Amino acid sequence: MEVYFRRITVIRTKKPEQTSVNVNLQWLGNSLGLFSLRDKDRSCFRIFIELLKSAQRGESLSSDELAYRLNLTRGTIIHHIHTLEDKGIVVQRDGRYALRVKKLAELIENVRSEFLNSCNVLLDVAKDIDKKLVREIEKE
């Protein structure tokens, strides 16, 4: 099984009382650690939204198309795209970028599945360490 989400940081925060799509998208992205506090103009969020819209249409976008649509520099686009790629949210194919999945629910299901798999591996290692430590202590 290939692991896609390498650097997702799940941050537990209170769900917003507002139910607007924009507020909930921002909360979801922040809860997944997708957007940096240093991103004052919310350019990463804007890129994420544009890629989400494109995913809904079954499209991928070039960095130039993203820059034009969002009125951002190509350098800013590439910087944030690389961040989202590192997190496993965005994939690149033929010089074009797209979200890994079309639906946010699928994204969360994938994150959950990979998180649980990672926890199972951690648990196995922890159990093995515990057994070895007990044997070491018994030898003393």
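Filtering region 38-97 to residues that are of a type in the set (D, E, K, R) and in a loop (DSSP other than H, G, I, E, B) leaves 38, 39, 40, 41, 42, 59, 87, 94.
The listed residues are 57, 93, and the only one of them that is basic (Lys, Arg), out of contact with any Lys or Arg (no Cβ under 9 Å at 6 or more places or on another chain) and modelled with pLDDT of 90 or more turns out to be 57. Entry remark, region 26-59: residues being β-branched (Val, Ile, Thr) and surrounded by fewer than 19 Cβ atoms within 10 Å (Cβ to Cβ) number 1 in total. Within region 80-97, can you find the residues that are surrounded by 14 or more Cβ atoms within 10 Å (Cβ to Cβ) and under 16 Å from residue 10 (Cα atoms)? The answer is 83, 84, 87, 88, 89.
For residue 62, the criteria (1) surrounded by 12 or more Cβ atoms within 10 Å (Cβ to Cβ); (2) under 30 Å from residue 12 (Cα atoms) hold in every case but one, which is (2). Restricting attention to region 18-37, the residues being in a loop (DSSP other than H, G, I, E, B) and in contact with a helix residue (DSSP H, G or I) (Cβ under 9 Å, 6 or more places away or on another chain) number 5. When region 58-79 is filtered for residues that are more than 20 Å from the chain's Cα centre (by Cα), on the phi < 0 side of the Ramachandran plot and not β-branched (Val, Ile, Thr), the ones remaining, listed by number, are 64, 65, 67, 68, 69, 70, 72, 74, 75. Residues in region 111-133 that are buried (at least 17 other Cβ atoms within 10 Å of the Cβ) and either within 17 Å of residue 56 (Cβ to Cβ) or aliphatic (A, V, I, L, M) (or both): 111 only. Screening the candidates 96, 100, 12 for the property of being among the charged types (D, E, K, R), at negative phi, touching a Leu at 6+ places or on another chain (Cβ under 8 Å) and free of Cβ contacts under 8 Å to residues at least 60 places away in the same chain yields one hit, 96. Applying the set (1) under 18 Å from the mean Cα position of the chain (by Cα); (2) buried (at least 18 other Cβ atoms within 10 Å of the Cβ) to residue 102 leaves exactly one unmet item: (2).
The values are calculated or read from the model by the stated rules, or taken from the named source; none is laboratory data. Note that the structure is a prediction, hence the values are computed from the model and not measured. All Cβ positions, even for glycine, are placed from backbone atoms using ideal geometry, and neighbour counts span all protein chains on display.
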